[in-house]
Each structure stands twice: as structure tokens, then as C-alpha cells.
Amino acid sequence: MTESSVALIVLAAGQGSRMQSDLPKVLHRLGGVPLVGHALAAGRTLDPAQVVVVAGHGAPAVTKAVARLDPDARVVLQPEQLGTGHAVAQALPLLEGFDGRVIVLYGDTPFIAAETLAALAAHPADVVVLGFEAADPGRYGRLVVKGDSLDRIVEYKDADEATRRIALCNSGVMAADAGLLRDLVGRLGNDNAAGEYYLTDVVALARADGRSAAVVTCDESETLGINTRAELAAAEAAFQARARQAAMDDGVTLADPATVWFAQDTVIGRDAVVGQNVVFGPGVTVESGAEILPFCHLEGCHVSAGATVGPFARLRPGAELGGDVHVGNFVEIKNSVLAEGVKVGHLTYLGDATVGERTNIGAGTVTCNYDGVGKHRTDIGADAFIGSDTMLVAPVRVGARAMTGSGSVITADVPDNALALGRARQVTKPGLAARLMQALRVAKGKQ
């Protein structure tokens, strides 16, 4: 497979009316990312020269999501949804000059494996269709084969009883050389009950021209399309089951697998331990030997080897935990770097901060990083000790080996080795508490 031999067209224009949603169907999330992200990620395993996504319903939102998921992909608009063949026709001008193999994918079909796509790309037939043996063929289009060749695709409504007994079904995914696809798509008609241009008609046109057509098969589970909320929920369950099994196969300990939720891109190293009720959002890497205790939520973060997180901790995007860091219960870390050996035991918020090696952060510490207009950073040096209930008003720096007294509000930089106290002096009045309580009781008795 050469770098320039494959291009992708991802069809993502449908409204998905059965989802009962204002959100375009391909933007509903599976494994923490929009459905279309799964198709893009699978296609990227082929190292395609070009990727074109066809958007229609909710095109601005789809375009924005695609730009975030795959910055190199281009989006083209299908102003009217006139069928799959019409959608491909909108994308082909963006592939002008490309002469390799084009693979057509669907933004609402998230489970097609990389190995299946590689087989489609490598097959020598002029047109290759992805098929599957259905346990219940239902109303799927049937693939009629003769020997090793695909003879035609017959839609269920057009099939006779003998054809309907065929279990080999059409997934809709197709591959063909770019020049041939341009020719065949340009000749599609819409003389059918729906008045649409069907990509499936490409097979009949190719066969009429004496071109070869073939089927590559995959497991039915790969072809699962999402059309309803119930199907989305079933797909999420299937995704999570696969992700959990893959993690355990890779040497990750899951204390209660059914309660751990993964994102599409979660990476967890060998001998890491994950407790019950842990949720991984997108963009998480946990290195080997780290431990995530129960009831944690992680997103967009990196946890180094030997670190422990939780229970009941939240790591937000930009959290970077060095080796042997401890982040304890009810701690939130956002856009902050914690160097090796840092301890943040409990009840703390660190946002937009850098914390040096072996520093201890006391309970109730807050980096006050937002002034109502902009975010500001807090820099804490190595081997510092931040007393409990310290408010660090950013921008501020606490030097190496420095200390803050408990209950302090720190508004100015603290030099290395210094102790900073930012609180009112305690005043003690002997016996006053007892006299006050007695006065209150007397006053209450007179009411």
C-alpha cells in the first residue's frame, strides 16, 4: 500500500430523523467521540492521501466537528439529500487528479475494522463491495454472486422470494478506482420510486461494461449502523465490551470491568490498575503501573508510571501527572503539570499550575486562576509545602522549599526557602465563649 493509493469519502449528510434529535446523526457520541470520528479513525489506518466528508443536515456543526477530529479532512456540502450516489458525486470533484482507489464509508457505521478496510483497498476487482452474512437478513439489500464475482445488488423491495433467501447482505461500503468511479457515478440515474441516485447501481453499470466486481466479507457486527437512540445505546454497550476486553488482554487490571467506561482513544499501559466506576473521556493516556482508584473521571490527561489517582478525583484536559504523583479524593486538576513525587491528598483544585518535584499540597488548597476576564498561572517550586486551605491568587509564584501557612491567602510571590503567612492574627478571649452561650440561653428563655 503506497501513501497515495487510497482516498476516502465519508458520507455524513443524513438527518437521522429516527434519532428524534436536532443534532445531526453523525455527531451523536459513541465512546466519547462523534460517530463520524470512528469512521475517520478507521479510514486513517490506511494512511489515505485524501479524505472528503460529505455533509448536509447540520453542515456547519459537522464541518466544525470534522475539523477537530481530522484537521486534514475536507468537507463538501450535499445541499439536497438525493441518495448515496448523488452524495459521492459531490465529493469526487475534490479528488480531481487522484487516480488511486476510493473507499466510500458511512459516518453512522462506526465498527468497520482496519483489517476489513485493508482488504477492500487491496482487492484486485474493479468494484468491491463489503458484504456480511446476516443472522436475520430482514430488509437488507442482497448480494447475488456467481462464483467469485458479484453479479448484482438487489434491494429487498425488488427481490423475489429466492433472492430474499440469500443471507449475504450489502453494507453499503464500496471501493473502486477513482477514474472508474467518476465514470460510473456520472451515469447513475434516478428512475426509481424514491427518485434518488443509488451508489449500489454502480455494480450493475460496471458489470454491463464488462468490469469485474467482487465481495469482501466481514462479521455482521462490523456493519452495525446507528439509526435510533436504542441502536446508539446498543452500539455503546458493544463498544465498551470490546474496549474492556482489549484492555484486559493487554494486561490491564479492571476491578469491575462492567463499571469502567472507555473513550475511543483511551490508552492504558500494562499492569495499570483501574478501580470500579471509572470514566475515561477522550484523550487519556495512563502509563504502565499507574493506579486509578474508584469513582474517578479523566479526560484529556496523562498519568505517568507509578502515579495514583483517586478515589473520587477528576483530571480535566491538560492535566499532566509525573511519576509517583498522588492525587487523592475530591481533587480536581486542570491544565496543570505535577512533577514527579507531588502529593495532592484531598479537597483541592489546581488549575493552570505547575508544581515542582516532591511538593506537598495541603487539603483545601485552591489556585485562584480566573479573575473574571482571563486565566492566570500559578508556579510552585520543588520541595515546597503548601499549607491546608491556602488560596493562591494567580499570577503568583511559590519558590522551591518555600512554605505557606494554613489558611493563607497568597497574593505576592514567595521566595525560595521562605515562609508566607497571609491571614489575620488570631485573637483569643478567655471565658468569652461560655458567657456568650449563657447569655444566648437566657435570651431564648425570655421569648
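The values are calculated or read from the model by the stated rules, or taken from the named source; none is laboratory data. Being a predicted model, the structure only gives us computed values, none of them experimental. Cβ placement follows ideal geometry from the backbone for every residue including glycine, while neighbour counts extend to all protein chains displayed.
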Hey, does region 139-149 have a residue that's of a type in the set (Gly, Ala, Ser), modelled with pLDDT of 90 or more and closer than 22 Å to residue 11 by Cα?
yes
Residues to consider are 397, 435, 441; find the one that is closer than 29 Å to residue 307 by Cβ and over 33 Å from the mean Cα position of the chain (by Cα).
397
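Which of the following residues is surrounded by 17 or more Cβ atoms within 10 Å (Cβ to Cβ), within 24 Å of residue 343 (Cα to Cα) and not acidic (Asp, Glu): 279, 273, 215?
Values: 273 fails: surrounded by 17 or more Cβ atoms within 10 Å (Cβ to Cβ); 215 fails: within 24 Å of residue 343 (Cα to Cα).
Just a single option satisfies the conditions, and that option is 279.
Going by the structure shown, is residue 309 crowded, with 24+ Cβ neighbours inside 10 Å, in the same structural domain as residue 387 (by TED's automatic domain parsing), in contact (Cβ under 8 Å) with a residue 12 or more places away in the chain and among the β-branched types (Val, Ile, Thr)? Show your work before the answer.
On the way: crowded, with 24+ Cβ neighbours inside 10 Å: yes; in the same structural domain as residue 387 (by TED's automatic domain parsing): yes; in contact (Cβ under 8 Å) with a residue 12 or more places away in the chain: yes; among the β-branched types (Val, Ile, Thr): yes.
Yes: the conditions hold for residue 309.
If you check residue 228 against the conditions, is it under 28 Å from the mean Cα position of the chain (by Cα) and closer than 22 Å to residue 15 by Cα? Walk me through how you get there before you give the answer.
Values: under 28 Å from the mean Cα position of the chain (by Cα): yes; closer than 22 Å to residue 15 by Cα: yes.
Yes, satisfied.
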Within region 245-297, how many residues are touching a strand residue (DSSP E or B) at 6+ places or on another chain (Cβ under 8 Å) and closer than 18 Å to residue 34 by Cα?
11
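If you go through region 26-64, how many residues are closer than 19 Å to residue 266 by Cα and out of contact with any Gly (no Cβ under 7 Å at 6 or more places or on another chain)? It would help to see each step written out before you state the result.
Taking region 26-64 and keeping what is closer than 19 Å to residue 266 by Cα, we get 28-45.
If we keep only those that are out of contact with any Gly (no Cβ under 7 Å at 6 or more places or on another chain) too, we end up with 28-31, 33-34, 37-38, 40-45.
Summing the residues that are closer than 19 Å to residue 266 by Cα and out of contact with any Gly (no Cβ under 7 Å at 6 or more places or on another chain) in region 26-64 gives 14.
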Among the residues of region 218-231, which ones are surrounded by 21 or more Cβ atoms within 10 Å (Cβ to Cβ) and among the polar types (S, T, N, Q)?
223
Show me the helices (runs of 4 or more DSSP H) found entirely inside region 1-120 where at least 2 residues are surrounded by fewer than 20 Cβ atoms within 10 Å (Cβ to Cβ) and either assigned by TED's automatic domain parsing to the domain that holds residue 193 or among the aromatic types (Phe, Trp, Tyr) (or both).
35-44, 59-69
Please pick out the residue among 237, 263, 272 that is over 19 Å from the mean Cα position of the chain (by Cα) and of a type outside the set (Ser, Thr, Tyr).
272
Selected residue (only one of 323, 318, 341, 328 is small (Gly, Ala, Ser) and either at pLDDT below 95 or in a strand (DSSP E or B) (or both))
328
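Please enumerate the residues belonging to region 210-235 that are assigned to a helix (DSSP H, G or I) and in contact with a Phe, Trp or Tyr (Cβ under 9 Å, 6 or more places away or on another chain). Spell out the reasoning first.
Going residue by residue through region 210-235, those that are assigned to a helix (DSSP H, G or I) are 220-223, 229-235.
Within region 210-235, 220, 221, 222, 223, 235 meet the criteria.
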